[in-house]
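Colleague: Please find one structure pasted underneath; my questions will follow.
Derivation of every value follows stated rules applied to the coordinates shown; laboratory data play no part. All figures in this text were calculated on a predicted structure; none of them were measured in a lab. Heads up, the Cβs are rebuilt from the backbone with ideal geometry, glycines too, and the neighbour counts pull from every protein chain shown.
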Amino acid sequence: MTDYLTPRDIDDFVEQIKTNYLECRVHGHSRVASSAGRIADEESEGLPPGIEYILKTMRCRNRCGIIWREVLNADTGEVVNYAVPDYTKAPYYLTKGMGRLTKTDRGRLRLEHLARWMEKNGG
Ligand SMILES: [Zn+2]
């Protein structure tokens, strides 16, 4: 189950968001591989049989907690199932009730990110 932030508005959101989440919101996630292994039972994963698959998992360098799982054809490297983000280990990353962020909202996030960065780095 995913836990959601439920901010009232952008001010509330900016106040509540964790700094590493802010980093990902402003600069994007920084994905790195964290594990890889053959899929032993392709049929239970809903994949066509007779092909070897690799399950690759990725995490974010910013430690936001989001995990991506991608399935590759082990012989060709072709991506069979594109990475879908799993937010269950990133509580309160997602918001409920705010809708999509506007251009102005994204500007607020950038300024908040900069303010926290300058406070930490003496910029
Ligand atoms: Zn991230």
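Colleague: Which ³J(HN,Hα) values in Hz, rounded to whole numbers, follow from the phi angles of segment 103-115 under the Karplus curve 6.51 cos²θ - 1.76 cosθ + 1.60, where θ = phi - 60° and Gly and Pro get x?
Modeller: After applying 6.51 cos²θ - 1.76 cosθ + 1.60, I find 4, 5, 4, 5, x, 4, 4, 4, 5, 5, 4, 4, 4 Hz.
Colleague: Using 0.36 nm times the number of residues separating GLU119 and ALA36, minus their current alpha carbon distance, what extension gain do you get? Don't jump to the answer; show the numbers that get you there.
Modeller: Values: separation 83, 0.36 × 83 = 29.88 nm, distance 3.83 nm.
Here the segment from GLU119 to ALA36 would lengthen by 26.1 nm.
Colleague: Positive end of the dipole of the chain, charges at C-beta (+1 Lys, Arg; -1 Asp, Glu), about the Cα centre: which of GLY77, ASN20, GLY50 has its Cα farthest in that direction?
Modeller: ASN20
Colleague: Another question, if that's okay. Please turn the phi angles of segment 41-58 into ³J(HN,Hα) values with the Karplus equation 6.51 cos²θ - 1.76 cosθ + 1.60 (θ = phi - 60°), one per residue in order, whole Hz, x for glycine and proline.
Modeller: With coefficients 6.51, -1.76 and 1.60, one gets 10, 4, 5, 5, 8, x, 9, x, x, x, 10, 8, 10, 10, 9, 10, 10, 10 Hz.
Colleague: Would you calculate the separation in nanometres between label points at ARG8 and LEU101, each defined as 7 Å from the Cα along the Cα-to-beta-carbon direction?
Modeller: 2.1 nm
Colleague: Now for a separate question. Which part of segment 6-30 falls in the paramagnetic zone of ARG108, meaning amide N under 12 Å from the point 7 Å along Cα-to-beta-carbon?
Modeller: Label zone hits: 7-17.
Colleague: Excluding same-chain residues fewer than 8 positions from LYS89, which lysines have a Cα within less than 18 Å of its Cα?
Modeller: LYS18, LYS56
Colleague: When the Debye formula is applied to the Cα atoms of the chain, each taken as the same point scatterer, what base-10 log of I(q)/I(0) results at q = 0.16, 0.19, 0.20 Å⁻¹?
Modeller: -0.84, -1.01, -1.07
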